[in-house]
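Since the structure comes first, as structure tokens, the remarks are kept for the end.
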Amino acid sequence: MSDYEEQPDPEQPDRNQQARSWTETNCQVIDLPLTKESLIQVLRGALEGEKSPYTHQQIAWWADNFHMAQFDFENPIDPAVADVAFDLHVRWQMYLEETYTLEELQNLDFSKVQLPAAWFSKWLEQLGA
């Protein structure tokens, strides 16, 4: 995943230029079906801290895949559940942007980043878990 912030290009007023860029390091994919039950399992795992079987980076990537799966007409996903996954993914991106400088993001071990536990509790509550 990458983040790009575009700004007007002073040399070409009708065009934008990329002002900021970073690429997230790859992570191992969580091998679980894209279901509400799996989402609950992943969110509960996140609350285990160091004992969690998944990093928060892995969870965010899996949540992005989960959200995108709602558009697969052969495997419909409850939009309310997909919204939780989408919120998780977006908050991951925002947390990175708001917590780290560009230089830090360019050199960060994303597998070490931890989102606030309260967020996972809130998402579990939204899912009725």
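Taking amide H atoms as placed 1.01 Å from N in the peptide plane, list the residues 5 or more away in sequence, or in a different chain, whose amide H sits under 5 Å from that of TRP22.
ASP3
Nothing charged except the Cβ atoms of Lys and Arg (+1) and of Asp and Glu (-1): what's the magnitude of the dipole of the stretch 25-126 about its Cα centre? Round to the nearest 20 debye.
Using Cβ point charges on Lys, Arg, Asp and Glu, the stretch 25-126 gives about 260 debye.
Relative contact order (percent) for the stretch 25-126, with alpha-carbon contacts under 8 angstrom and 6 or more residues of separation?
Relative contact order, the stretch 25-126: 35 percent.
None of the figures in this text is laboratory data; all of them are computed from the coordinates on show. Quick caveat, the model's predicted, so the values are computed rather than measured. We place every Cβ from the backbone using ideal geometry, glycine too, and count neighbours over all the protein chains shown.
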